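This report refers to the structure that appears directly beneath it.
Readers should treat all values here as calculations from the given coordinates under stated rules, not as data from a laboratory. All of these numbers come straight from a predicted model, not from anything done at the bench. Every residue, glycine among them, receives a Cβ derived from its backbone with ideal geometry; neighbour counts consider all protein chains shown.
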Amino acid sequence: MITRRHLVALSAASTVAQIPMAGRAFAQATSSQAWPTRVVKLVVPFTPGGGIDGIARIVGARLSEIWGQQVVVDNKPGAGGNIASDFVAKSPPDGYTMYITAAGLALNRYLFPSIPYDPIADFAPVTLICLFPNLLVVPNSSPFHSVKDLLDEAKKNPGKLTFASPGHGSSPHMSGELFKYTAKVDLTHIPYRGASPAYTDVLAGRVDCTFAVMASGLPLVRSGQLRALGVTTATRVEAAPEVPTIAEAGVPGYDTSSWFAFFVPAKTPPEIVKKMHADTVAVLAEPPIKTKLDGLGVVTVGSTPEALGVHLKDEMEKWAPVIKAANIKVSE
């Protein structure tokens, strides 16, 4: 659970690590003063239309204005985010490739037999953008009107009910696995290559439910296309106070938050990372941007790079035993 103390710690100001050699520091400072001089690529690990894609476009558009250079969203879906992560890990560390990612960066080491990158060594943290709950949602035509309804059916027919996710290791996937683990029920996971195709099948009733990212799921609830049964955090959220928590609706102790964060390839010049961090934090504090993000049900953070590094390691330690206990394995 993310506590107020954790949020304060994540948001505390600090500086990036100092450059050890004066000559290299001068060269990097000189290059960072001119940065950016061309398009900056912002890699998204899932298809357009999902919550992470929406946040990338909101923040990226404002950074484009500040930097005077276009920030272009580059969607690279597949393999639970591994395709995008591997691409970024192997990209030149010159400040022209940014990565917006989520829980998959922390979890895929435990989900897949092997991954072609190191989530710690191959990336430099920039900032934790936001925290948010997911929504357990069903199509509006669903017979389930509460978490209890869904649990009762799952207990009667183990494995019959299905839940969609935008890919292995994504926050909707892990929210569903934690639901199964905590409630002691069996739902069948249906992974997709992104949020849009997952939503398409949930809306059509071909899949029973999904643990939707708040940023993309709440608008579909508001439009009447989906019905929200519960939120994944321990307390109700300001953006949808009428929706009960999953814990209070029938699964005591259930609590998880999702997150989005900016990373860059390891060895990106520290002065560029520092500027990316400062400008992103400034964007997140701007009232028009904050209003947009608040409307999506997220809690903006804007952490230091160091705090994001700690957060990534904490997430890896938190989820490793859950994945092991549930015997979750991904063969692709």
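Structure notes:
- Short-range pairs are left out: with C-alpha atoms under 8 Å and at least six residues apart, the relative contact order of the chain is 28 percent.
- Where both bridge residues fall in the chain, DSSP classifies roughly 60% of the beta bridges as antiparallel.
- Percent of alpha-carbon pairs separated by more than 31 Å within the chain: 29
- Secondary-structure-derived ellipticity at 222 nm for the chain, considering helices only, amounts to -13000 deg cm²/dmol, per-run term -39500 (n - 2.57) for DSSP H runs with n ≥ 4.
- Cross-link partners for K184 among the aspartates and glutamates, with Cα-Cα distance under 19 Å and sequence neighbours closer than 8 places in the same chain left out: D149, D152, E153, D208, E248, D255.
- Once the Cα atoms are used to define both axes, helix 270-285 deviates from the longest principal axis of the chain by about 50 degrees.
- For T245, the residues whose modelled amide H falls within less than 5 Å of its own, excluding neighbours fewer than 5 places apart on the same chain, are V231.
- Relative packing of 60-66, 153-159, 189-195, 211-217, which averages over residues the other C-beta atoms within 10 Å, highest first: 211-217, 189-195, 60-66, 153-159
- Potential extension, R193-W67 segment - 0.36 nm per residue separation minus Cα distance: 42.2 nm
- Counting 0.36 nm for each residue step from S331 to K184 and taking away their Cα separation leaves a gain of 50.5 nm.
- V39 versus R206: modelled label distance in nm, points set 7 Å from Cα along the beta carbon direction: 3.2
- Full extension of the chain segment joining D94 with K156 gains 16.8 nm, where the gain is 0.36 nm per residue of separation less the Cα-Cα distance.
- 5 angstrom amide H check on F123, placed H, neighbours 5+ away: A266
- Hz values of 3J(HN,Hα) by residue in segment 158-171 - Karplus curve (6.51, -1.76, 1.60), Gly and Pro given as x: x, x, 6, 6, 10, 10, 8, 8, x, x, 4, x, 5, 4
- When peptides 116-128, 316-328, 91-103 are sorted by average Cβ neighbour count within 10 Å, with the highest value leading, the order is 91-103, 116-128, 316-328.
- Amide hydrogen neighbours beyond the local backbone of D74, cut-off 5 Å, H modeled: L42, V43, V44
- Set K180/K324; K90/K180; K180/K290 screened for pairs whose C-alpha atoms are more than 24 Å apart: K90/K180; K180/K290
- Other residues with beta-carbon under 14 Å from the beta-carbon of A247 carry, at +1 per Lys or Arg and -1 per Asp or Glu, a net charge of 0.
- Spatial separation of Cα centroids for segment 209-280 and segment 49-83, in angstrom: 17
- Protection proxy ranking of 267-273, 236-242, 226-232, by the mean of other Cβ atoms within 10 Å over each peptide's residues and highest first, is 226-232, 267-273, 236-242.
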